[in-house]
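For reference, the structure is listed below as structure tokens.
Please treat every number below as a calculation from the coordinates, not as lab data. None of these values were measured; they are calculated from a predicted model. Every residue, glycine among them, receives a Cβ derived from its backbone with ideal geometry; neighbour counts consider all protein chains shown.
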Amino acid sequence: MIIGIDASNLRQGGGVTHLVEILSSTNIYKHNISKVVIWGSSQALDQIDEYPWLIKVMPKELNRSLVYRLMWQKFKLPRSAIDNNCDLVFSPGGSVSCNFRPIVTMSRNMLPFEWSEARRYGASWITVRLILLRWLQSKSFNSASGVIFLTNYAKKQVIKVTGDLPGLSTVIPHGFNSRFCTDPKAQRDMTEYSLEKPFQILYVSIVDQYKHQWHVVEAVAKLRKEGYPVVLNLVGPSYPPAQKRLTKAMNKFDVHNDWVKYHGAIPYLELHNIYKGAQLGVFASSCENMPNILLETMASGLPIACSNRGPMPEVLGDAGVYFDPEQPIEIYRAIKNLINNPQLRLEKSQASFHRAQQYSWDVCAFETFSFLEQVVTNHQQSLCAE
């Protein structure tokens with residue numbers, strides 16, 4: 001069997017990381033696969049290691065604008081897949097316009113399918129893009145031979161919009177890189193912290209409209225006002241309108257720039273070191289598909305105060321203390337509950353660390369290629385039945 005992978009719409013970030021990890025974690029021969037052909041831009045393909053069974057193809061269109069990439073996918077991908085004798089094309093980007101069959105895609109982005117979240121962008125081109133993605137991905141999922149979802153929550157929400165899907169579908173969560181694994185620390189009483197050696201709170205995520213960093217700032221400000229020696233570290237790139245909202249909150253609640261530290265984007269290969277200096281993790285997003293940052297925080301052995309929205313309870317289970325991410329008072333109470341109780345911090349950090357071990361790139365890779373194999377078999381059987 002020969003599998004084609006359409007990486008035409010992937011350049012960097014989580015999409016490329018997913019491909020890097022499943023290709024490095026799989027033994028394709030266990031799935032009756034002899035060869036994998038991957039089409040992508042030079043930027044994407046340069047991040048993927050070489051393997052004897054992997055053929056990289058870099059059409060010139062994939063190094064150009066979105067329009068060129070979409071035209072290539074629609075008109076040239078089917079011919080290239082046939083020329084390479086592909087039995088199936090896997091297109092993990094979510095939007096597929098070509099008529100090759102069988103084809104499997106993946107649901108990665110929840111914003112197009114949750115209007116209450118998408119509307120946070122108001123009258124903007126991002127809103128228009130999300131509406132367009134909602135239409136394109138709904139069409140893609142309904143025409144695909146198979147769809148991979150990352151969480152049960154995501155599958156349920158998407159199907160509310162698309163209706164029942166005619167093809168096969170499955171839920172395969174992502175994993176995390178082992179460099180994030182750190183055994184939970186012994187927890188100290190708050191009396192052992194001071195303004196000179198403060199308790200470090202960490203929130204890693206892009207600053208965006210549905211991430212609510214400004215509410216976390218307000219919550220921690222209340223703790224500071226009560227005399228708790230805490231510092232809030234924010235890590236991640238930013239969407240400009242949301243960054244303005246965060247800056248406004250920082251200027252209001254931390255006038256002297258004493259305790260909110262915005263570090264900006266940190267290279268992914270260095271990110272695990274940031275977790276090692278923290279005593280508590282916060283995750284305040286209200287819209288996620290598969291919250292990999294939450295998973296990495298769990299693997300880092302930190303107690304976690306977490307949003308109660310989306311798939312977060314599915315991923316974290318009973319190993320966190322939850323809050324409504326749009327209510328600063330709830331965020332404050334969740335964090336205060338943890339910092340006042342070293343035993344609770346220890347129990348939650350141990351529980352979240354052990355729960356994180358359920359999520360593995362090895363398992364993700366095996367289940368992904370097993371599903372692709374199943375779709376090919378199903379397609380061949382349907383052809384025989386005609």
Rounded to whole angstroms and listed largest first, the alpha-carbon spread of the stretch 17-91 along its three principal axes comes to 37, 25, 17
With the convex hull built on the alpha-carbon atoms of the stretch 178-356, volume per residue in Å³ sits at 102
Summing +1 per Lys or Arg and -1 per Asp or Glu among the other residues with Cβ less than 14 Å from Arg69's Cβ gives +3
The ³J(HN,Hα) series, computed from each phi in the stretch 123-133 with the Karplus coefficients 6.51, -1.76 and 1.60 at θ = phi - 60°, rounded to the nearest Hz and given as x for glycine or proline, is 7, 9, 5, 5, 4, 4, 4, 5, 5, 5, 5
Bounding extents of the stretch 112-186 in its principal axis frame from Cα atoms, largest first in Å, are 48, 35, 17
Residues other than Ile339 with Cβ under 13 Å of its Cβ, Lys/Arg counted +1 and Asp/Glu -1, net out at +4
Semi-axes (Å, rounded, descending) of the ellipsoid equivalent to the stretch 193-263 per its C-alpha gyration tensor are 21, 12, 10
Among the stretch 103-131, those whose backbone N falls under 20 Å of a label point 7 Å along Cα→Cβ from Lys248 are 117-127
In whole Å, largest first, the alpha carbons of the chain cover along the principal axes 72, 45, 37
Once Ser65 and Asp49 are pulled to full extension, the length gained, defined as 0.36 nm per residue separation minus their Cα-Cα distance, is 3.3 nm
tail above 22 Å in the computed P(r) of the stretch 287-369, as % of all Cα-Cα pairs, reads 26
So, with points 7 Å from each Cα along the Cβ direction, the Arg129-Ser97 label distance in nm works out to 1.6
Residue separation between His263 and Gln350 times 0.36 nm, minus their alpha-carbon distance, gives in nm 28.6 nm
Taking every other residue with Cβ under 13 Å from the Cβ of Ile103 and scoring Lys and Arg +1, Asp and Glu -1, one gets +1
